[in-house]
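To keep things clear, I will list the structure first and then write my remarks on it.
The values are calculated or read from the model by the stated rules, or taken from the named source; none is laboratory data. Everything numeric in this text was worked out from a predicted model, so none of it was measured. Reconstructed Cβ throughout: ideal geometry from the backbone, glycine too, with neighbour counts over all protein chains shown. Accessible surface areas use protein heavy atoms only, side chains included; no ligands, DNA or RNA. Shrake-Rupley method; radii C 1.70, N 1.55, O 1.52, S 1.80 Å.
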Amino acid sequence: MHFMPILSTLRRHRTAAALIVLEIALTCAIVCNAVFLIRDRLSRMDRPSGVAENELLRVQLTGIGERADAQAITEQDLAALRTIPGVKSAISINMIPFGGSSWNSSISTKPDDRDAPVNAGMYMATGDIVETLGLKLVAGRNFNSDEYVPFDDVQSETKGIAAVIVTSATAEKLYPGQSPLGKPVYVMGSTPPVIVGVVDHIVRPNDANGIDQRPYSMILPVTVPFNMGGNYLLRVAPDRKQEILAQVDAKLDGVDPRRIILERQTFAQVRAKYFEQDQAMARLLLGVSIALLVITALGVVGLASFWVQQRTRQIGVRRALGATKRDIRRYFQLENFILATMGIIVGMALAYGVNMWLMDTYGVDRLSAMYLPIGAGLLWALGQIAVLGPAVRASSIPPAVATRSV
Amino acid sequence: MFQMQDVSKVFRTEMVETHALRDLSLEVKEGEFVAVTGPSGSGKTTFLNIAGLLEELTGGVYKLDGVDVKALDDNARSKLRNEKIGFVFQSFNLIPDLNLFDNVDVPLRYRGFGRAERRKRIESALERVGLASRVKHYPAELSGGQQQRVAIARAIAGDPKLLLADEPTGNLDSQMAREVMQLLEELNASGTIVIIVTHDPEIAARAQRNVHIVDGVATDLERGPALVKPKAAEAKAS
């Protein structure tokens, strides 16, 4: 190995060496953080909703003007939608997972609790949410039909809510380590409903309360008309989604044409729309990372090519003194490895610096240490690939170059 | 030790075919000091390149220490070159980024010697050329004569059987040239074959044998065109 002689050579060409080390370091720092952020975005996009996504269709609509008969129209709409072949169930719901807008409320085991242990998303629907969304009931039961009360009655406090279903995460927050069934919670009004069931999970519609708050949801047996939230959710046969969507307008217009249908979406489209900024950011970061890696690779190729050209005679002399083609190739590869390693070491320190700045400025998470070996491996591999061409060219310089007059 | 029989070298391009060497035969025994002279473009450097395994021959047979070099692949030629041949070039060809120690170390690393063995050989070689105290110096810090002595140290550190010198005094003043020649003669006296390519008749006169190359054809200045037998062998035969 020519480790020390190469170091000696690099010391004597320290400006060029320092520039390529700096380029590698900056690339390492930025790519480590970019990969970390991409991974973070992808994991956000992959988060489970808890609902039967492949079987759900969403119809978003709005009425024209105030409608005193909205609840009655809603019931007619749902009845009409359920007649479409392939529709298993349909509900009118105030908000949907990944829908963006959300209804939230503090929820506590004590009345008037200013330090409520959890703030939860509040799902309400005309129709069976558990059945339509395909939620997994892990304890207790679904609502009985006599437990449903109209939203207006709850708001005017003419009727109270008797029952509530919570997610398992919400239940654990309220009654840690205990069965929550039959226990009261204070959520709307002064009469506490009782937890009658626990569902595994239903994600909140957005991250407004923080990404770590996403599993905290509850379902209330409160019926909502189409103009409150404006969402119909249909659980359908997965292979008939497009066919069903094509019939929705006619069915709804048949009940009341004085509505505007804003969206007809599969749940995959709802999810894609919600995460489109994350996806765009991930693509942007990926593009920047690839561009940086390409620029770094070109820098390595450029410097190595320059050095090969500059050292043509020296390479011939080395060949004359007994170096094989492989020795010459390995010399340049080792030289690149040393430069890349220096760049990676500086780059790792820079990566943490950039991450700390991102943490302070944008509140991103701390960079996981696992991204450093990933970045290092990537840059080592990139350097070796980039230097291979110049190294092979160097190895093809004939030893007779040593005796040629300059 | 060194046998060339009817060696030829032809350089071909699409348009031109150049015969750089024609049927050159030369045999050199251990301990001989041979000077190769000739005008510019006569084929001296081609002869040196072929003798030093830097180029492949087109025709004929070349045996170095009993090994037919024509049958060797590039790796085997590199290995043989490293083990058997030392080079001294006109322009020294030291590596400017390495100090004297590391310059002399270059062929030894390719030989695969361990660190201690290399150190011993480097120190011994630099001692022999009188530069042991300057191991940390770089070539640019030395005079031309000193640089050529380093090149000689690099050439002899691996104990080669054949030392090929290409105009070793061409870039030196007369005093330095005499010192370098004295060094080469000392090496020859210790048993190393020295073949020196030179323009300088004074240098050539110090060699035991003189081979003159013109238009790729070699002639022994003492014995005519057929250059086969070395002096010692001829003496025994007579």
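Whole number please: convex hull volume per residue, Cα atoms of chain A, in Å³.
Details: hull volume 82.0 nm³, N = 406.
So the per-residue Cα hull volume is 202 Å³.
To the nearest 0.05, how large is the calculated FRET efficiency for A:LEU334 and A:ILE374 if R₀ is 22 Å and r is the Cβ-Cβ distance?
Details: r = 23 Å, r/R0 = 1.04.
The computed FRET efficiency comes out at 0.45.
What distance in nm separates the two pseudo spin-label positions at B:ASP23 and B:GLU185, each 7 Å out from Cα along the beta-carbon direction?
Roughly 3.7 nm, to one decimal.
More than 15 angstrom separation, counting every C-alpha pair in region B:45-85; what % is that? It would help to have the intermediate numbers written out before the result.
Working: 234 of 820 pairs.
That fraction is 29 percent.
Counting only protein heavy atoms and using a 1.4 Å probe, what share of the accessible area of region B:2-237 belongs to carbon plus sulfur, as a whole percent? Show your work: numbers first, answer last.
On the way: 4820 of 10070 Å².
Exposed carbon and sulfur together represent 48 percent of the surface.
Answer with one residue from B:TYR138, B:SER91, B:VAL36: the one whose Cα lies farthest towards the positive end of the charge dipole of region B:2-237, charges on Cβ with Lys, Arg +1 and Asp, Glu -1.
After comparing all options, I get B:TYR138.
Does region B:2-237 come out rounded, prolate or oblate by the C-alpha gyration tensor, with a ≥ b ≥ c the root eigenvalues, rounded set by a/c under 1.5 and, if not, prolate when a/b is larger than b/c and oblate if not? Mind showing how you got there, number by number?
Numbers: a/c = 1.65, a/b = 1.47, b/c = 1.12.
Prolate is the answer for region B:2-237, as a/c is 1.5 or above and a/b outweighs b/c.
Relative to the Cα centre, what is the charge dipole magnitude of chain A, using +1 at the beta carbon of each Lys and Arg, -1 at the beta carbon of each Asp and Glu, and rounding to the nearest 20 debye?
Values: 41 positive and 35 negative charges, 692 e Å.
It comes to approximately 3320 debye.
Per DSSP H run of n ≥ 4, the term is -39500 (n - 2.57); total these for the protein assembly as shown, divide by its residue number, and report the mean residue ellipticity at 222 nm rounded to 500 deg cm²/dmol.
Details: 20 runs with 288 residues, N = 644.
Calculated mean residue ellipticity at 222 nm is -14500 deg cm²/dmol.
Probe radius 1.4 Å, ligands and nucleic acids left out: can you give me the accessible area buried at the A-B interface, summed over both chains, in Å² to the nearest hundred?
Details: alone 19490 and 11380 Å², together 28520 Å².
Heavy-atom accessible area buried at this interface is about 2300 Å².
Towards the positive end of the charge dipole of region A:53-267, with charges on Cβ (+1 Lys, Arg; -1 Asp, Glu), say which of A:ALA68, A:MET188, A:SER105 has the farthest Cα.
Among A:ALA68, A:MET188, A:SER105, the one farthest towards the positive end of the dipole of region A:53-267 is A:SER105.
Residues of region A:206-228 with amide nitrogen under 16 Å from the 7 Å Cα-to-Cβ point of A:GLU263?
What the label zone holds, given the 16 Å backbone N cut-off, is A:206-208, A:227-228.
Quick check: the distance between the Cα centres of region B:78-146 and region A:326-353, to the nearest angstrom?
If you average the Cα positions of each part, the centres end up 28 Å apart.
What is the spin-label model distance, in nm, from A:ILE64 to A:ARG404 if the labels are put 7 Å beyond Cα along the C-beta direction?
Here the modelled spin labels are 8.6 nm apart.
Keeping all protein chains in position, work out how much accessible area B:ASP159 exposes to a 1.4 Å probe, and write it in Å² to the nearest 10.
100 Å²
Please list, or write none, the aspartates and glutamates whose alpha carbon is within less than 13 Å of the alpha carbon of A:LYS241, excluding same-chain residues fewer than 8 places away.
A:GLU53, A:GLU55
Under 13 Å between alpha carbons: how many lysine pairs meet that in chain B, if sequence neighbours fewer than 8 apart on the same chain are excluded?
9
For A:PHE3 paired with A:ALA381, estimate the spin-label separation in nm (one decimal), with each label point 7 Å from Cα along the Cα-to-Cβ line.
For the pair A:PHE3/A:ALA381, the computed spacing is 2.4 nm.
Once both axes come from the Cα atoms, what is the angle between helix A:14-45 and the longest principal axis of chain A, in degrees from 0 to 90, rounded to 10?
Roughly 20 degrees, rounded to the nearest 10.
Using a simple charge model, +1 on the beta-carbon of Lys and Arg, -1 on the beta-carbon of Asp and Glu, nothing else, what dipole does region B:2-237 show about its Cα centre, in debye to the nearest 20?
Working: 31 positive and 34 negative charges, 148 e Å.
That gives region B:2-237 a dipole magnitude of about 700 debye.
Rounded to the nearest 10 Å², what accessible area does A:LEU303 have for a 1.4 Å probe in the complete protein model?
30 Å²
I'd like the FRET efficiency for B:ALA71 and B:THR219, computed as 1/(1 + (r/R0)^6) with the beta carbon distance as r and R0 of 35 Å, rounded to 0.05. It would help to have the intermediate numbers written out before the result.
Values: r = 29 Å, r/R0 = 0.82.
With a Förster radius of 35 Å, E is 0.75.
Go through B:TYR62, B:GLY216, B:SER78 and say which Cα lies farthest out towards the positive end of the charge dipole of chain B; charges sit on Cβ, +1 for Lys and Arg, -1 for Asp and Glu.
Towards the positive end, the residue furthest out is B:SER78.
Using a Cα-Cα cut-off of under 22 Å, which lysines could be cross-linked to A:LYS159, ignoring same-chain neighbours fewer than 8 residues away?
Hits, sequence-local ones excluded: A:LYS110, A:LYS183.
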